[in-house]
Amino acid sequence: MGTSMGAVPPPPSPRKSWFKRNWKWFIPACCLFIFLLIGGGIGGILAIVEGSIKQSGAYTQALSQAQANPQVIGLIGQPVTPGFFVSGNVNVNGDSGDASISIPVSGPKGKGRVYAEAKKIAGQWQFQTLLFGVDGQTDRIDLLQSQTTAQTAAPAQSDPFTATPATTPDTTASSADPAPAAATAPTADPPPDPAAPAAAPTAPGGVIASAQYSNDPNLRCDLLEVKRASGNALLVRWRLINTGAKGISYDFDWPQLYYTDPAENKKYAFLTDSSGARVLDMWWGTLNPGEQRLQWAKFPAPPATSRKITVYIPKFMPFEDVPVGQ
């Protein structure tokens, strides 16, 4: 007699892998992570690029001119504040370079954008284009033309190469100043001695000529004295004045301070002593509104036959055809 057997139970189902059990949330999470990683990397690169643009002289100079322009202030109000997401590029190679940037700005009455095209030549930024436009409007204001018009209306401050003195008297004294200039009223000059170098002009306030800071027109440089000194040296004195309503940061590189002698076609750097120390007294930092700083430097003197030189003060337009005094 046969033996009956019960039904054989089916084998247990194989356990699903971790991925099969969790793919519904794992795949979206991975996609989100990759998106954030890529987005953060791109954002970091953009932040680095924008930071380098904002540190350039082209950016700071274009922004300062827009902030001081009466037409810009009239359209969007004051203060004119820069915004984020500056676009464009700045390429610098030593004392040369080029820039093409667009700067968003805003004020109490609206928003706009500054458009700048510039080239860096001999360490100085020169703008080919500097425009401003209000958001939503197609019209553009030429800030370069506005600045030229303003300078034409005020010739006493427009041309840094004339001997027209600034109206601000020299009221700041400095213990480090080796030879203060005498501020005397001009008198009738005797007939010139052909064998002697020409004397530097003396004007009210002792100012030979004035120029504006390349990064902020509210910082002015007054050239006070250029004369021969003992030890076959040339003494140059100048003064920095903040004529604006806010602090202005000023810095420079030492090679930017020198003078040239057109007669000899030669360039002269400042003197150093036997230990290599610079024979000068120069300042850099933030100059507060209304603050003044007297500065001086000594250079090798040009030949006695050289009557006029061109003085280069860092970050200011050159002072050309400056007579060399005795």
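Shape of the stretch 204-323 from its Cα gyration tensor (a ≥ b ≥ c, root eigenvalues): rounded if a/c is under 1.5, otherwise prolate when a/b > b/c, or oblate? Display every interim value, and only then the final one.
Details: a/c = 2.03, a/b = 1.58, b/c = 1.28.
Judged from the Cα gyration tensor, the stretch 204-323 comes out prolate (a/c at least 1.5, a/b above b/c).
Find out how many positive minus negative residues lie around residue 208, taking Lys and Arg as positive, Asp and Glu as negative, among other residues whose Cβ is under 10 Å from that of residue 208. Walk me through the intermediate numbers first.
Working: positive: 237; negative: 222, 225.
Once positives and negatives cancel, what remains is -1.
Using a cut-off of 14 Å between beta-carbons, work out the net charge of the residues near residue 128 (Lys and Arg +1, Asp and Glu -1, residue 128 not included). Before the final figure, lay out each step's value.
Working: positive: 119, 120; negative: 98, 117, 142.
Summing Lys and Arg as +1 and Asp and Glu as -1 gives -1.
Residues with amide H under 5 Å of residue 271's amide H, sequence separation 5 or more or different chain, H placed in the peptide plane at 1.01 Å from N; which?
Those lying under 5 Å, H to H, from residue 271 are 279, 298, 299.
Considering amide H positions built from the backbone, and no H for Pro or chain starts, which residues 5 or more places from residue 258, or on another chain, come under 5 Å of its amide H?
Correct list: 312.
For the stretch 91-99, take each phi angle, set θ = phi - 60°, evaluate the Karplus expression 6.51 cos²θ - 1.76 cosθ + 1.60, and give the result in whole Hz per residue in order, putting x for glycine and proline.
Along the stretch 91-99, the couplings run 10, 10, 9, x, 8, 10, x, 8, 8 Hz.
Say each of residue 126 and residue 254 gets a label point 7 Å from the Cα, pointing the same way as Cα to Cβ; how far apart are those two points in nm?
Taking the simple label geometry, residue 126 and residue 254 are separated by 2.9 nm.
Just so you know, all these numbers are worked out from the coordinates, no wet-lab data involved. Treat the numbers as computed from the prediction; the structure is a model and nothing was measured. Heads up, the Cβs are rebuilt from the backbone with ideal geometry, glycines too, and the neighbour counts pull from every protein chain shown.
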